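Taken together, the values in this text are just the output of simple stated rules run on the coordinates, not laboratory data. Keep in mind the model is a prediction, meaning the values are calculated, not measured. Cβ coordinates were reconstructed from backbone atoms using ideal geometry, including for glycine residues, and neighbour counts include every protein chain displayed.
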Amino acid sequence: MRPSRSHLSLTGPFCYTMLHKVSRSFALVIQQLDTDLRNAVCIFYLVLRALDTVEDDTSIPTEVKVPILLAFHSHVYDRDWHFACGTNDYKVLMDQFHLVSTAFLELGKGYQKAIEDITQKMGAGMAKFICKEVETIDDYDEYCHYVAGLVGLGLSKLFYASGKEDMAAEDLSNSMGLFLQKANIIRDYLEDINEIPKSRMFWPREIWSKYVNKLEDLKYEENSVKAVECLNDMVTNALTHAEDCFKYISALKNPAIFRFCAIPQVMAIGTLALCYNNIEVFRGVVKMRRGLTAKVIDRTNKMSDVYGAFYDFSCMLKSKINKNDPNATKTLSRINAIQKTCIDSGVLNRRLEILHNPKWAKLQFNHDCPTFHYTGHHFLVSLRQPINKLVIGGILELLSVSMGEAYVLIEVAFLCLYAVFLLDSVYPIF
Ligand code: IN0
């Protein structure tokens, strides 16, 4: 075994600073991996971001761009290679790419080979799609395979090369990427369509043409109903990958790798639940709030957390299904399949017990989801016990608060405590 290095020699600080700049919360999750693998994933991430920067830069003529994409896997071995493009942080990444190459060359051969192999396949796939629109759902899956499914394959290879995991099945690794990428493509509709100069769009014509004549028509107010129907169709399509993700994640053995893989998937189902039936996707930014993101990062540690989060978010999505939506039945059956897998896993038993326990008879269930109301009566009764009255009466006299006012105050305080307790134990994500 190679000795473990806590830092890549000279270029480490640059790579980790860059990683933080281009990926906010995800950088924190990468940093929890063990040293060797962490370096490999960090370099892989930056190489992919650089490749993406070339693909995205609309100012590069096709005849220049295509050869770069095709040869990118060999540029990573060349410390002298340089190509200026991109903007802001991505420009810095491209300008300083020799630091990424230097760090790449310090990685173990197994890691280098995995990164090279995926970079080559992804570059070729991107080149293929430079002049090709995403027409069919098959095109959509193919494009997502190149830019995200291959990332899953590459990561599986890196995990295997680290000796910490068995080699995962290709189709499951692919689905992991597709689920993330489809959630991003859906969420970023407005940002992408409004980009100047015009960027390419990845919503497949086979889906959107059922609702509008041109993809950009979805953003106009007069098409709101059609737009939301189209959005729901896209979300329903993305949901097909969720169960492969369970299979992939549940086979992981190393706790740090588990978190690294599970957190983005939980964020993706959260994003899909948030976007579903939400016209705001066509009006502004729809993103999971920072607090919720922090909770996902903090509370995704084991498989029961993943099933729990998928169960909760799919409950949220299910409650938003409108029976008049053209795909309502399809969406519902996909959600039911996801929820069944979560329940059949057996690990949700404790939380389901809490939900269905007669002790919580005041909880009202709607679509199997914990929407509840509380009358407060329970606590008032105990307050009226003579002994409690005596003790509390004394305190109230000291504070010169009347019994009536106190009942209201205590009622409110208990209600808040009750709500916080319930939200945390029954619905931990929120
Ligand atoms: C990723 C993926 C990623 C992480 C873990 C396991 C994966 C398995 C298969 C495929 C991808 C996997 O995760 C990141 C998450 C990310 O970058 N989040 C952003 C948030 C955002 O809105 O962009 C952040 O700033 O935190 C991811 O989205 N992609 C990615 C890229 C490289 C690597 Cl090594 C891992 C991008 C993509 C296109 C979805 C694959």
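Quick look at the numbers
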| item | result |
| --- | --- |
| Degrees between helix 290-299 axis and first principal axis of the chain (Cα, 0 to 90, nearest 10) | 90 |
| Theoretical ellipticity at 222 nm over the chain - DSSP helices of four or more residues, -39500 (n - 2.57) apiece, nearest 500 | -21000 deg cm²/dmol |
| Neighbour-count order for VAL420, VAL54, fewest beta carbons within 10 angstrom listed first | VAL420, VAL54 |
| In region 111-202, GluC sites (Glu not before Pro) in a DSSP loop with at most 14 other beta-carbon atoms within 10 Å | GLU133, GLU135, GLU195 |
| Rel. contact order, % - alpha carbon contacts under 8 angstrom, at least six apart, the chain | 11 |
| Charge dipole (debye, nearest 20) of region 143-269; +1 at Cβ of Lys and Arg, -1 at Cβ of Asp and Glu | 320 |
| With at most 12 other Cβ atoms within 10 Å, longest stretch of the chain clear of loop trypsin sites (Lys or Arg not before Pro) (DSSP) | 6-131 |
| 3J(HN,Hα) from dihedral phi, region 36-46, Karplus parametrisation 6.51/-1.76/1.60, rounded to Hz, x for glycine, proline | 4, 5, 4, 4, 4, 5, 4, 5, 4, 4, 5 |
| Calculated from backbone phi, Karplus (6.51, -1.76, 1.60) coupling profile of region 309-321 in Hz, x at Gly/Pro | 5, 5, 5, 5, 5, 6, 4, 4, 5, 4, 5, 9, 5 |
| Efficiency of FRET from Cβ geometry, CYS416 and LYS340, R₀ 41 Å, rounded to 0.05 | 0.70 |
| Magnitude of the charge dipole, the chain, Cβ model with Lys/Arg +1 and Asp/Glu -1, debye to 20 | 1160 |
| Magnitude of the charge dipole, region 143-217, Cβ model with Lys/Arg +1 and Asp/Glu -1, debye to 20 | 100 |
| Partners for LYS253 among lysines (Cα-Cα distance below 29 Å; same-chain residues under 8 apart left out) | LYS109, LYS113, LYS121, LYS157, LYS164, LYS182, LYS295, LYS302, LYS340 |
| Ranked list, fewest to most other Cβ atoms within 10 Å of each Cβ, for CYS342, CYS416, CYS85 | CYS416, CYS85, CYS342 |
| Residue order, fewest to most beta carbons within 10 Å, for HIS20, HIS145 | HIS20, HIS145 |
| Dipole of the chain, positive end: most advanced residue of PHE202, ASN336, ALA419 [Cβ charges, Cα centre] | ALA419 |
| Farthest positive-ward along region 11-297 dipole, Cα basis, beta-carbon charges - from VAL64, TYR211, ILE269 | ILE269 |
| Eligible aspartates and glutamates near LYS226 by straight Cα distance, threshold 14 Å, same-chain separation 8 or greater | GLU216, ASP217, GLU280, ASP325 |
| Rg in Å to one decimal, and Dmax rounded to a whole Å, for the chain via C-alpha atoms | 25.6, 87 |
| Most fluctuating residue given options MET122, MET167, MET176, as computed from a GNM of the chain linking Cα atoms under 10 Å | MET167 |
| In region 81-119, chymotrypsin sites (Phe, Trp or Tyr not before Pro) in a DSSP loop with at most 15 other beta-carbon atoms within 10 Å | TRP81 |
| ³J(HN,Hα) computed for each position of region 259-270 - Karplus, 6.51 cos²θ - 1.76 cosθ + 1.60, integer Hz, glycine/proline x | 5, 4, 7, 6, 4, x, 5, 5, 4, 5, 5, x |
